[in-house]
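Colleague: The structure is given below, and queries will be raised subsequently.
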Amino acid sequence: MNTKSLLVVMLFAALLFNCSKSVEYSETFKKETTGKYLYNQDDIIEIFYDNNTLRLKWREAIMIPVALDTNEFFVADMYAKLHFVEHPKTKERYLSIISEENESLITYDYLKVLDTYKTPSTLLKEGDYEKALQGYLAIKEKDSTSEFINEWEFNSKGYRHIRKKEYEKAIGVLKLNAALHPQSANVYDSLAEAYLLNGDSLQAFNNYNKALEMNTGNNRAKKYIDTYTNKK
């Protein structure tokens, strides 16, 4: 967002703040709306209340939206008016964007998920690679080109662990990358290197072998395979 746009947002937010109402939320309303909402496939919005003040946590920032009514508020960082809705058929709850063009239009934007729900990236940070992989595979099934499963991003994460000599973590990330991108020679080359640094020569051999099968010009893989084979 450029400086001019930021100033417009801040001005708009200030105007709304001056119009902010003193809202008294019922305990039932707070109970029904508190929780996690899926902003996208790997991002969460959290809604909670501090006494009678609605708060929103998004991307590590805690915000106090401008209350416009009991079930209507403005979030400056999102530049959006939001409210809570329930789907008439599924009974699932959503955080919904109020359209500027048609305020009576009901959309179902951010699904309310269980409090125990964790995004794939959260699971990855926690080292739960199996569950993280399941989450990323679900993303891939919906969109194989999603930014959340970018091969080079995972490769970079793996090498950050390698530079810190966190080889087990590197292997966890790079194995996940190989599962997401099984047709890439590079993922096996990187995984082989992590195994080798961790002292697992057999798994290094197996993965260098896969890398060489896919890219016969990989001299590093060929050299290691020849060395390993001659030692046996």
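Colleague: Quick check on Leu124: is it farther than 30 Å from Asn155 by Cα, out of contact with any His (no Cβ under 8 Å at 6 or more places or on another chain) and either of a type outside the set (Lys, Arg) or part of a strand (DSSP E or B) (or both)?
Modeller: no
Colleague: Please verify whether Ala192 is surrounded by fewer than 19 Cβ atoms within 10 Å (Cβ to Cβ) and outside any loop (DSSP other than H, G, I, E, B), treating the condition exactly as stated. First the steps, then the outcome.
Modeller: Working: surrounded by fewer than 19 Cβ atoms within 10 Å (Cβ to Cβ): no; outside any loop (DSSP other than H, G, I, E, B): yes.
Here the answer is no, as Ala192 does not meet what is asked.
Colleague: Among the residues of segment 119-150, how many are open to solvent by less than 30 Å² (accessible area, probe 1.4 Å) and β-branched (Val, Ile, Thr)?
Modeller: Looking only at that region, the number is 3.
Colleague: Take segment 31-67 and flag every residue that is open to solvent by less than 30 Å² (accessible area, probe 1.4 Å) and farther than 28 Å from Ile149 by Cβ.
Modeller: Passing the criteria: Thr33, Leu54, Met63, Pro65, Val66, Ala67.
Colleague: Still on this structure, I have one more. If we keep just the residues of segment 93-118 that are in a strand (DSSP E or B) and in contact with a helix residue (DSSP H, G or I) (Cβ under 9 Å, 6 or more places away or on another chain), which is surrounded by the fewest Cβ atoms within 10 Å (Cβ to Cβ)?
Modeller: Start the filter on segment 93-118 by keeping residues that are in a strand (DSSP E or B), which leaves 93-97, 110-113.
Those still in the list that are in contact with a helix residue (DSSP H, G or I) (Cβ under 9 Å, 6 or more places away or on another chain) too: 93, 95, 112.
On the way: Arg93: 19, Leu95: 24, Lys112: 21.
Among residues in segment 93-118 that are in a strand (DSSP E or B) and in contact with a helix residue (DSSP H, G or I) (Cβ under 9 Å, 6 or more places away or on another chain), the one surrounded by the fewest Cβ atoms within 10 Å (Cβ to Cβ) is Arg93.
Colleague: A follow-up question, please. Which one of the conditions (1) under 30 Å from Ile171 (Cβ atoms); (2) modelled with pLDDT of 95 or more; (3) out of contact with any Leu (no Cβ under 7 Å at 6 or more places or on another chain) does Ala132 fail to meet, given that it meets all the rest?
Modeller: (3)
Colleague: Can you tell which of Ala221, Ala185 is of a type in the set (Gly, Ala, Ser) and either within 20 Å of Thr119 (Cβ to Cβ) or surrounded by 19 or more Cβ atoms within 10 Å (Cβ to Cβ) (or both)?
Modeller: Values: Ala185 fails: either within 20 Å of Thr119 (Cβ to Cβ) or surrounded by 19 or more Cβ atoms within 10 Å (Cβ to Cβ) (or both).
After ruling out the rest, the residue left standing is Ala221.
Colleague: Going residue by residue through segment 7-17, is there one that turns out to be at pLDDT 90 or above, open to solvent by 30 Å² or more (accessible area, probe 1.4 Å) and more than 17 Å from Leu114 (Cα to Cα)? If you could, list the steps in order and put the result at the bottom.
Modeller: Applying the first criterion (at pLDDT 90 or above) to segment 7-17 yields none.
No, segment 7-17 has no match at all.
Colleague: Gln134 fails exactly one of the following numbered conditions: (1) polar (S, T, N, Q); (2) outside any helix (DSSP H, G or I); (3) under 19 Å from Asp43 (Cα atoms). What is the number of that condition?
Modeller: With respect to (1) polar (S, T, N, Q); (2) outside any helix (DSSP H, G or I); (3) under 19 Å from Asp43 (Cα atoms), Gln134 is out only on (2).
Colleague: For residues in segment 162-177 being assigned to a helix (DSSP H, G or I) and free of Cβ contacts under 8 Å to residues at least 24 places away in the same chain, which is surrounded by the fewest Cβ atoms within 10 Å (Cβ to Cβ)? Lay out the reasoning, then the answer.
Modeller: So in segment 162-177, the residues assigned to a helix (DSSP H, G or I) come out as 162-163, 167-177.
Now restrict to residues that are free of Cβ contacts under 8 Å to residues at least 24 places away in the same chain: 163, 174.
On the way: Arg163: 8, Leu174: 27.
Selected residue: Arg163.
Colleague: If I go through segment 148-171 residue by residue, how many of them are more than 14 Å from Leu197 (Cβ to Cβ) and not hydrophobic (A, V, I, L, M, F, W, C)?
Modeller: Taking segment 148-171 and keeping what is more than 14 Å from Leu197 (Cβ to Cβ), we get 148-157.
Narrowing further to those that are not hydrophobic (A, V, I, L, M, F, W, C): 150-151, 153, 155-157.
Of the residues in segment 148-171, 6 are more than 14 Å from Leu197 (Cβ to Cβ) and not hydrophobic (A, V, I, L, M, F, W, C).
The values are calculated or read from the model by the stated rules, or taken from the named source; none is laboratory data. What you are looking at is a predicted structure, and each value in this text was computed from that prediction instead of being measured. Because the Cβ atoms are built from the backbone with ideal geometry, glycine has one as well, and the counts that use them run over all protein chains shown. With ligands, DNA and RNA removed, areas are computed over all heavy atoms of the protein, side chains included. Shrake-Rupley method; radii C 1.70, N 1.55, O 1.52, S 1.80 Å.
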